[in-house]
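The block underneath contains the structure these notes are about, expressed in structure tokens.
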Amino acid sequence: MTVAASPVVPASSVPLIELDRACVIRGQVRVLHDLSLRIEQGQHTALLGPNGCGKSSFIKLITRELYPLAHGDGTVAVRVLGQNRWQVDRLRSQLGIVTGDLSSNLSDMPGLTVEEAVLTGFFASFVVPAFREVSPEMRERARETLAMTGALPLLQRGYAELSAGETRRVLIARALVNRPQALLLDEPSTGLDLIAREQLIATMRELARQGITLVLVTHHIEEIIPEIERVVMLRGGKILADGPRAELLRDAPLSELFGGPIRVVDQAGRLSAFAG
């Protein structure tokens with residue numbers, strides 16, 4: 001497929017995410033192959049691809065759970081907000097991260113309430129540290145972000161008791177407590193029923209309107225809200241195409257990406273895809 005030109009975005013002093021020929025090996029398998037990608041602040045972007053295309057490895061690069069191979073010329077393979085070295089807790093004050101792994105870890109914390117789960121976002125931990133003080137301002141901010149995601153009524157519920165849709169809203173609230181410049185969302189609608197997915201999409205659209213940059217990693221085109229205008233297609237650890245949603249979220253490009261016939265239906269800007 002011919003790679004389309006990326007949408008033009010006003011230049012920002014520092015890109016949100018910048019990969020320069022990033023290569024990652026897991027076990028004996030190279031899962032990312034010379035991946036070069038630049039996402040500007042304010043540029044809502046979807047990384048789309050089938051299972052095994054490298055989406056999880058991309059996320060783990062950003063969260064420093066994986067490290068790229070070093071370049072022989074000394075250049076840096078991964079930068080986030082201009083930095084190639086960062087502490088995860090400081091990173092999350094600028095880039096909120098919502099992943100399924102995070103949800104599982106929080107669910108394993110005995111007796112953790114929704115309020116406490118959101119407060120842990122201030123400390124980049126899975127519990128509120130016993131030696132750290134939770135200020136009234138922190139509690140108020142936790143309530144504000146729960147209200148933003150429609151999850152405030154869950155405040156005193158046990159986190160482990162929540163439904164999949166409820167946990168997504170709580171995780172987004174947790175990611176927002178530090179007022180990050182952007183959110184990185186990993187397959188956010190996985191396991192959600194139709195109503196919960198609609199609630200999630202409405203939340204994503206509202207956050208985009210508020211100016212929070214969204215980076216969505218997914219294999220569901222239904223999650224790619226109209227506000228996301230740039231789509232990066234990943235296959236086999238490489239970029240297959242990078243361009244405007246209007247050009248790439250169509251039958252032919254998606255069929256090539258997923259390796260089989262795909263039909264796209266557009267309903268007032270909301271897209272659905274069907275195989276066969």
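Tell me yes or no: at least one residue of region 191-209 is of a type in the set (Val, Ile, Thr), within 17 Å of the chain's Cα centre (by Cα) and buried (at least 17 other Cβ atoms within 10 Å of the Cβ).
yes
Quick check on my filter: what residues within region 249-276 are under 21 Å from MET204 (Cα atoms), in contact (Cβ under 8 Å) with a residue 24 or more places away in the chain and not polar (S, T, N, Q)?
Residues satisfying the conditions are LEU249, GLY269, ARG270, LEU271, ALA273.
Just checking, does region 231-241 include any residue being in contact with a Ser or Thr (Cβ under 7 Å, 6 or more places away or on another chain), farther than 24 Å from VAL24 by Cβ and among the β-branched types (Val, Ile, Thr)?
no
Among the listed residues PHE258, PHE274, which satisfies the condition of being out of contact with any Leu (no Cβ under 8 Å at 6 or more places or on another chain), modelled with pLDDT of 90 or more and surrounded by 13 or more Cβ atoms within 10 Å (Cβ to Cβ)?
Exactly one residue qualifies, and that residue is PHE258.
Hey, can you tell me all the residues within region 26-54 that are modelled with pLDDT under 90 and under 19 Å from PRO244 (Cα atoms)?
Scanning region 26-54 gives no hits.
Among the numbered criteria (1) touching a strand residue (DSSP E or B) at 6+ places or on another chain (Cβ under 9 Å); (2) outside any strand (DSSP E or B); (3) not acidic (Asp, Glu), which single criterion is violated by ARG205?
(1) is the only condition that ARG205 fails.
Show the residue pairs that are 6+ apart or on different chains and have beta-carbon atoms under 6 Å apart, the first residue being within region 221-239 and on the phi > 0 side of the Ramachandran plot, the second being surrounded by fewer than 16 Cβ atoms within 10 Å (Cβ to Cβ) and not aromatic (Phe, Trp, Tyr).
If the second residue must be surrounded by fewer than 16 Cβ atoms within 10 Å (Cβ to Cβ) and not aromatic (Phe, Trp, Tyr), the pairs left are GLY237/HIS33.
I'd like the full set of residues that are among the β-branched types (Val, Ile, Thr) and more than 13 Å from the chain's Cα centre (by Cα), limited to region 226-251.
VAL231, VAL232, ILE239
Based on what the data block shows, is ALA4 touching an Asp or Glu at 6+ places or on another chain (Cβ under 7 Å), modelled with pLDDT of 85 or more and surrounded by 15 or more Cβ atoms within 10 Å (Cβ to Cβ)?
No; evaluated as a whole, the condition is false for this residue.
Does LEU91 satisfy the condition of being of a type outside the set (S, T, N, Q), at negative phi and without any contact (Cβ under 8 Å) to a residue 40 or more places away in the chain?
yes
Sort out for me the helices (runs of 4 or more DSSP H) sitting completely within region 80-174 that have 1 or more residues that are at pLDDT below 85, out of contact with any Lys or Arg (no Cβ under 8 Å at 6 or more places or on another chain) and of a type in the set (Asp, Glu).
Counting at least 1 such residues, we get 88-92, 100-107.
Any residue in region 59-78 that is closer than 15 Å to HIS33 by Cα sitting within a Cβ distance under 9 Å of a residue that is in a loop (DSSP other than H, G, I, E, B) and aromatic (Phe, Trp, Tyr)? List the pairs, counting only those 6 or more apart or interchain.
Within 9 Å, the pairs are LEU61/TYR67; ALA77/TYR67; VAL78/TYR67.
The values are calculated or read from the model by the stated rules, or taken from the named source; none is laboratory data. What you are looking at is a predicted structure, and each value in this text was computed from that prediction instead of being measured. Positions of Cβ are generated from backbone atoms using ideal geometry, with glycine treated the same way; all protein chains shown enter the neighbour counts.
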